[in-house]
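Reading through the structure tokens given below for one structure.
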Amino acid sequence: MKLCCGIDIGNAKTEVAFMESNALKFVRQPSVISYLLSKPDSNDAEESSIVSNLLDNLLVHISSSALKRDGLFFVGKKALTANQNVKNMNIVLGKKSQHDIPIITSLSMLAGIALKKYYNSKTEVPNTLSLEVKMATAIPSSEYSRSNAKQLEDRFKQEHTVTIYVGTKSTVVSINIKECKVTEEGKTSMLAFVNSDEEILKHYNDTYNENAVPEDFANASALHTDIGDGTSEFVYTMGFNPVANGSFGRRVGVGHATSDAIRLYGEELGGMIGEITRQHFMSLLQGTSEKSKIAKEKMKESTFIQGQKIIEHIQEGFSEKTSSSADYFFVHGGGSIVFKDDMYEDLIDYANTVRARVVWIPAKFATSMNSKGTFYLAKHLFCQNGE
């Protein structure tokens, strides 16, 4: 089995983009793992039901020289519900190229995708399965160097063995990553943008009373802001191409706002909440309980402060990277959803002052710009023959 894909190894989530039935499909899981000392009891549900929900219940053993040590893991949503030995990316330290979590989550999801594809065509769980992968991914500009990129490419670009558990059965998936390109986060944004329909310009067209389509920006001078969890990336582009030395990253984003909110939340509850991950706190924000109400209040305080910092970095990028010449400010990434209420009007006012315009990407598209862009990069580099 072969797979051409883009993988967004975000601090908050890992997302794999690939073609299926002539449509681009996205599979997403929280970037969280749980180390296990022994295999838990098997799920006794119907096999078809287990496979259907496989990616939300990933239990895997990974053997790979890319990892510091082989291990048994719950991955993604299953790790959050397990609530034991839970690990996520440290947004202060960063260093995605050296961390094991991006490798563990990516390999686990690739194995799950392969098994689901096989099961959907054969309606059986095989003992073994082989998957050949050609892929692209990205690391933050603040971390990016050719040596760091090559280090991560080499870690991916080898053979890995993933045993994935399906109830009482298991499948050994041999994953051979034949090709891997690691670029800077944000640099593939225009690849995602140009391969989207005109709905991606909804906010822009509503704000400026236009009927623009992505192709209208083929020669645009733009500063992109990709708001992530641990970092936000600022990339200067001319048309669909990044400008040399026109990008930088800053450690601002949803994760930092969430960390601040968790601290404020803990103080409000008398410091009695124990350790709580950012992903757990984000789940709390979806609730309606009294604790959820407090969490939302503290998150609102934190997003306002963090949003103002991001606007300052946009202004920094505009003057220093574009020589105050960019005509458009593109804003996307998962954080663009969280910070829209805190940033949109202020950024519009600033753009009007400097005779520029804001292209704020709608939520429907914002969170998948990185995975979609890296997919089209992988397709261009490695998969033009339909492989």
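The values are calculated or read from the model by the stated rules, or taken from the named source; none is laboratory data. Here the structure is a predicted model, which means the values were calculated and not measured. With ideal geometry, Cβ positions are generated from the backbone for all residues, glycine too; neighbour counts draw on all protein chains shown. Areas reflect the complete protein model, heavy atoms only, side chains present, ligands, DNA and RNA absent. Shrake-Rupley method; radii C 1.70, N 1.55, O 1.52, S 1.80 Å.
Structure data summary
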read-out: Qualifying position, being of a type in the set (A, V, I, L, M), within 20 Å of the chain's Cα centre (by Cα) and open to solvent by 20 Å² or more (accessible area, probe 1.4 Å), among 238, 282; value: 282
read-out: Residues satisfying the stated conditions in segment 215-227, i.e. open to solvent by 20 Å² or more (accessible area, probe 1.4 Å) and assigned to a loop (DSSP other than H, G, I, E, B); value: 218, 219
read-out: Extreme residue, most open to solvent (accessible area, probe 1.4 Å), among residues of segment 165-214 that are small (Gly, Ala, Ser) and in contact with a Leu (Cβ under 8 Å, 6 or more places away or on another chain); value: 174
read-out: Conditions (1) touching a helix residue (DSSP H, G or I) at 6+ places or on another chain (Cβ under 6 Å); (2) without any contact (Cβ under 8 Å) to a residue 60 or more places away in the chain; (3) not aromatic (Phe, Trp, Tyr): number failed by residue 225; value: (2)
read-out: Count of segment 336-359 residues which are touching a residue at least 60 places away in the same chain (Cβ under 8 Å) and either of a type in the set (Val, Ile, Thr) or crowded, with 23+ Cβ neighbours inside 10 Å (or both); value: 6
read-out: Unique residue being assigned to a helix (DSSP H, G or I) and at pLDDT 95 or above when the list is 313, 280; value: 313
read-out: Where residue 65 falls short, out of the listed (1) out of contact with any Cys (no Cβ under 8 Å at 6 or more places or on another chain); (2) at pLDDT 95 or above; (3) not in a loop (DSSP other than H, G, I, E, B); value: (3)
read-out: Selected residue (only one of 314, 294 is out of contact with any Gly (no Cβ under 8 Å at 6 or more places or on another chain), among the aliphatic types (A, V, I, L, M), closer than 30 Å to residue 244 by Cβ and surrounded by 14 or more Cβ atoms within 10 Å (Cβ to Cβ)); value: 314
read-out: Some residue of segment 325-344 being on the phi > 0 side of the Ramachandran plot and modelled with pLDDT of 95 or more; value: no
read-out: Residue match in segment 246-260 (condition: open to solvent by 40 Å² or more (accessible area, probe 1.4 Å) and more than 24 Å from the chain's Cα centre (by Cα)); value: no
read-out: Residue in segment 117-127 that is in a helix (DSSP H, G or I) and either among the small types (Gly, Ala, Ser) or in contact with a Gly (Cβ under 7 Å, 6 or more places away or on another chain) (or both) present; value: yes
read-out: Test: residue 265 is modelled with pLDDT of 90 or more and in contact with a Ser or Thr (Cβ under 6 Å, 6 or more places away or on another chain); value: no
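Okay, residues lined up against (1) more than 23 Å from the chain's Cα centre (by Cα); (2) crowded, with 20+ Cβ neighbours inside 10 Å:
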{"site": "29", "(1), (2)": "no, yes"}
{"site": "33", "(1), (2)": "no, yes"}
{"site": "38", "(1), (2)": "yes, no"}
{"site": "45", "(1), (2)": "yes, no"}
{"site": "55", "(1), (2)": "no, yes"}
{"site": "59", "(1), (2)": "no, yes"}
{"site": "77", "(1), (2)": "no, no"}
